[in-house]
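S.K.: The structure is given below, and queries will be raised subsequently.
Every read-out reported here was derived from the displayed coordinates using simple, explicitly stated rules and does not represent laboratory data. Values in this document were obtained by computation on a predicted structure and should not be read as measured data. Because the Cβ atoms are built from the backbone with ideal geometry, glycine has one as well, and the counts that use them run over all protein chains shown.
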Amino acid sequence: MKIISGGVAVTLLSFAIAAATPEHQQQGSVITSTPEWERVKSLVGEWGGYVMQGETKVPATVSVRITGDGSAVMHWMGAGTPHEMITMFHMDKDTLRATHYCAAHNQPRFRVVPGDDPSRIAFEFTDGTNIRPGDGYMRRLVLVFLDADHHNEEWSYEQGGALHIGTFYFARSK
């Protein structure tokens, strides 16, 4: 049975590799670029910083990388902690979207909201999974680009009709 399973795995892997080669890519799979998408991709790297909880600075980390043959950006916050979370950014035709895999055990989805300030990218909640009436969930995310090595993230969490905003302050790790 293991030989058959191994053979199936090798066959599936070879199909996946063949599908990824340019001659096998589906027509229309080109990723649309927007200034917001390019800004999100500029976050690739390691980041360290903090978030304020009351009067206390709590250390925070983010690792950002490109995956899916350049079609997605993975934002990995708090790796290895109980509050580890992943946010995946990607283009959906000409709209930048994000899905947040939250420590609250739900998955809110966002879309970019056009704005006038190129240093700020705002994402608003569109829908989500595992969010029941009364559950808390991330409602909004704003990425604030200060310079190539500094950015802030304003995460808005809605619970019981109240919005709580936590701002993370990050510097690129050298």
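S.K.: Work out the FRET efficiency for Asp149 and Asp116 from their Cβ-Cβ distance, taking R0 = 22 Å, and round it to the nearest 0.05.
M.R.: 0.35
S.K.: So, one more: Can you figure out the FRET efficiency of Arg65 with Ala171, using R₀ = 22 Å and their beta-carbon distance, to the nearest 0.05?
M.R.: 0.80
S.K.: Need the list of aspartates and glutamates near Lys174 for cross-linking: C-alpha distance under 16 angstrom, and skip anything on the same chain fewer than eight residues off.
M.R.: Glu46, Asp147, Asp149
S.K.: How long are the semi-axes of the equivalent ellipsoid of the range 32-172, taking √(5λ) for every eigenvalue λ of the Cα gyration tensor, in whole Å from largest down?
M.R.: Result for the range 32-172: semi-axes of 21, 19, 15 Å.
S.K.: Moving to a separate point now. So who's got an amide H within less than 5 Å of the one on Thr95, skipping anything under 5 residues away but keeping other chains? H placed 1.01 Å off N, in plane.
M.R.: none
S.K.: Here is a follow-up. Quick one: what are the phi-derived ³J(HN,Hα) couplings along the range 55-65, Karplus 6.51/-1.76/1.60 with θ = phi - 60°, whole Hz, x for glycine and proline?
M.R.: So the J values, rounded to whole Hz, are 9, 9, 7, 9, x, 9, 9, 9, 10, 10, 8.
S.K.: Further question: Determine the sum of side-chain charges near Arg109: Lys and Arg each +1, Asp and Glu each -1, restricted to other residues whose C-beta is under 12 angstrom from that of Arg109.
M.R.: Its environment carries a net charge of 0.
S.K.: Taking 0.36 nm per residue of separation and subtracting the Cα-Cα distance, what length does fully extending Thr34 through His83 add?
M.R.: 14.6 nm
S.K.: Taking 0.36 nm per residue of separation and subtracting the Cα-Cα distance, what length does fully extending Ala162 through Ala103 add?
M.R.: That works out to 19.4 nm of additional length.
S.K.: If I take every Cα pair under 8 Å that is 6 or more residues apart in the range 32-172, average their sequence separation and divide by the length, what percent do I get for the relative contact order?
M.R.: Answer for the range 32-172 is 18 percent.
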